[in-house]
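Below is one structure, written out as C-alpha cells; the observations come after it.
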Amino acid sequence: MKLYEMTACEAAAALRKKEVTSQELTESVLERISGVEGIIKGFITILESEKILQEAKKIDKLLAEGKKLSPLAGIPMALKDNICTQGIPTTYASKMLENYRPSYDAHVTEKLKEAGTVLMGKANMDEFAMGSSTERSFFHPTRNPWDISRVPGGSSGGSAALVAADEIFFSLGSDTGGSVRQPASMCGVVGLKPTYGLVSRYGLAALAPSLDQVGPLSKDVRDCAMVLDIIAGHDPRDSTSAKSKDNYVDYLGREVKGFKIGFPKEFFGEGLEEPVKKVIMEALAKSEQLGAEVDEISLPKTPYVLPCYHLVVSAEISSALARYDGVRYGFRAREGDTLSELYRQTRSRGFGSEVKKRIILGTHVLRTEHYDDYYWKALKVRTLIKQDFEKVFRDYDLIATPTSPTTAFKLGAKNDDPQTVHSRDNYTRAANLTGIPAISIPCGFVEGLPVGLQIMGRPFEEGRMLQFCYALEDMLGVKGYKPEISVEGGH
Ligand code: GLN
C-alpha cells in the first residue's frame, strides 16, 4: 500500500508510532499529484514543493520534540479556493479575483494551521461556488477520478476529486445548497455540511450568508469526525457562530440500535434514477440490520424548496457580491470615463454568466415593488419548510435520502439547461434552508460510478449523525474502493 492511499486517521496513527514522518507522507502525496493531477485538474493553485516540505519538516521537528499537536498534525490537505489563505492566491475561481492574495487567514485556515496540518494547495470550484459541476470555474474543469469523461460534481468539485484521487488526505469545501455533499456523492467520498453556525464563516467568501457553511470532505467517516473536531467551535468574528461544539470522534463505535430513521417519500419519486434508488433502498435495508427502525415519512413542503432556495440565494448573492466593483480590490476594467461606467465594465467582464444571471435575478426580487411578493414570501416559506423538519424530528433521529438523483454526469452534458441544473441538487438544499446538519456517505455503485446516501440530523447533533454513519459505513462494505484513474476514461 502506498502512503497516499491511507486514510488521514491511518496516516496519523503511523506518524504517532513513528513508522512514517510528515515529510514522507507529503512526498508520497506530491508523487501522486505529479502522477495524476495532469488528468484530474483538481487544484487551482499547488504550493511550491519546497515550501510544503519545509512545513512538513517543521511539524516532524515539533512532534519529535514532543509538542502536543492535534491528531491530524503532519497530514497533507487542501482548501477550496473560496477559503482565505494569507499571502496565497484565493481566486474564488473567478476572473474577478484572479490575482487576489488575502492579507488574512479564514478561521478554518487558522484552525488547521494550529492543528499542524500541511496545506498543499487550493482546490478548484465553480465560480463563486455557483454551480454543481465545477465546469463554471474561470480556470478549467475538474474531472471525476471514477470516469474522467464525467464531472466531479460541484461546486466543491476540486475538493472532492482530490480526496477521491488520493492527491490529499482530506479537504474543506463550502456548502450553500449542496456543494460539499453533491460532489462527495459523485466522487465516492464523505462530505459533511455542519449545522449553520457550528463552523465559523470568517474568511469564507460569502455566497448566501444565511445558508453558507464550511465542511470537510474525507475518505471515511472517522476522518470526517476528526476534521470536524478541529474546525468546529465558537468564533466571535462571525456573528452567527454558535457555542455548541462537541467531541465528535467520541461518538464513533457507539451502539446505533433503536435509532429511528425516516425516509421522506417526496425524495423518492420522479427524477430519481431507478438504479440509484435501488442502491439507496439497499442501504436502508442495511440500516435495519444494524437495529435501526426505518419508516417512510412525509415532508410535504418539499416542492417549495427549489423556488424558495433560488429566491433567497439570488437575493443574498446580489447583496454579497456588490463589493466587487473594481474600486476596492480585485479585477478592474481599464475603460470607462465615469465611475458608474467603471463599475459596469468591471462587473460585466469580471463575472461569468451564471454569476451575472443570479445578481440580476437577486436585484430584481429585492426591488421595493417586488420585495413582498418574492423575497418576503420566500422567507415565510422557509419557515414552513423548517417546521416540516421540526415535526419529523420530534419522532425521528435522522432522515435518510439520496444525495443526488443521478450519478456523475458527462462533462458538457446539458450543463446550461436551468431545469437540469437545478434538479441536480434538489435533495440537498433543504438542509441549508433549515440550517440542519447533513452528510453524504458513499453507499454503492451504479455502473462503476459512486452513489451517495444523505443523512440529515437535528441541529448540532453531528455526533449522533456520525455515530450512525460510522456503523453503517462498516455494514455497507464500500469503503476502501478506489478509482482506477485512466486516460481512456469511460465505463
Ligand atoms: N449548486 C447549488 C447552486 O449553484 C449549490 C451551490 C453551493 O452549495 N455553493 O446554487
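Quick notes on this one:
- Selection of the stretch 137-155 for residues being under 21 Å from TYR427 (Cα atoms) and open to solvent by 10 Å² or more (accessible area, probe 1.4 Å) yields only ARG150.
- Considering the stretch 459-479, and only residues there that are open to solvent by less than 60 Å² (accessible area, probe 1.4 Å) and assigned to a loop (DSSP other than H, G, I, E, B), the residue that is modelled with the highest pLDDT turns out to be GLU461.
- Residue in the stretch 42-50 that is surrounded by fewer than 20 Cβ atoms within 10 Å (Cβ to Cβ), in contact with a Leu (Cβ under 9 Å, 6 or more places away or on another chain) and over 27 Å from ASP175 (Cβ atoms) present: yes
- Residue among THR406, THR363 that is open to solvent by 60 Å² or more (accessible area, probe 1.4 Å) and among the β-branched types (Val, Ile, Thr): THR363
- Qualifying residue in the stretch 121-128 (condition: part of a helix (DSSP H, G or I), surrounded by 18 or more Cβ atoms within 10 Å (Cβ to Cβ) and among the aliphatic types (A, V, I, L, M)): no
- In the stretch 343-358, of all residues being within 13 Å of the ligand (Cβ to nearest atom) and open to solvent by less than 70 Å² (accessible area, probe 1.4 Å), the one that is nearest to LEU97 (Cα to Cα) corresponds to GLY352.
- Criterion violated by PRO307 - all others in (1) without any contact (Cβ under 8 Å) to a residue 24 or more places away in the chain; (2) open to solvent by 60 Å² or more (accessible area, probe 1.4 Å); (3) not in a loop (DSSP other than H, G, I, E, B) satisfied: (1)
- Residue list for the stretch 2-14, restricted to those being in contact (Cβ under 8 Å) with a residue 60 or more places away in the chain and open to solvent by less than 30 Å² (accessible area, probe 1.4 Å): TYR4, MET6, THR7, ALA8, ALA11, ALA12
- If only residues of the stretch 107-163 that are among the acidic types (Asp, Glu) and more than 16 Å from the ligand (Cβ to nearest atom) are counted, the one that is nearest to MET96 (Cα to Cα) is GLU110.
- Unique match (being at pLDDT 95 or above, of a type in the set (S, T, N, Q) and in a strand (DSSP E or B)) among THR383, THR401, THR407: THR401
- Being in contact with a Leu (Cβ under 6 Å, 6 or more places away or on another chain) and either modelled with pLDDT under 95 or of a type outside the set (Val, Ile, Thr) (or both) is a property that does not hold for ASN426.
- In the stretch 314-333, the condition of being open to solvent by less than 40 Å² (accessible area, probe 1.4 Å), in contact with a Cys (Cβ under 6 Å, 6 or more places away or on another chain) and either touching a residue at least 40 places away in the same chain (Cβ under 8 Å) or in a helix (DSSP H, G or I) (or both) is met by no residue.
- Test for ALA93: is it outside any loop (DSSP other than H, G, I, E, B) and open to solvent by less than 10 Å² (accessible area, probe 1.4 Å): no
The values are calculated or read from the model by the stated rules, or taken from the named source; none is laboratory data. The shown structure was predicted, so the numbers you read here are calculated from the model rather than taken from an experiment. Quick reminder, even Gly has a Cβ in these numbers, built from the backbone with ideal geometry, and neighbours come from all protein chains shown. Just the protein is used for accessible areas: all its heavy atoms, side chains included, with ligands, DNA and RNA removed. Shrake-Rupley method; radii C 1.70, N 1.55, O 1.52, S 1.80 Å.
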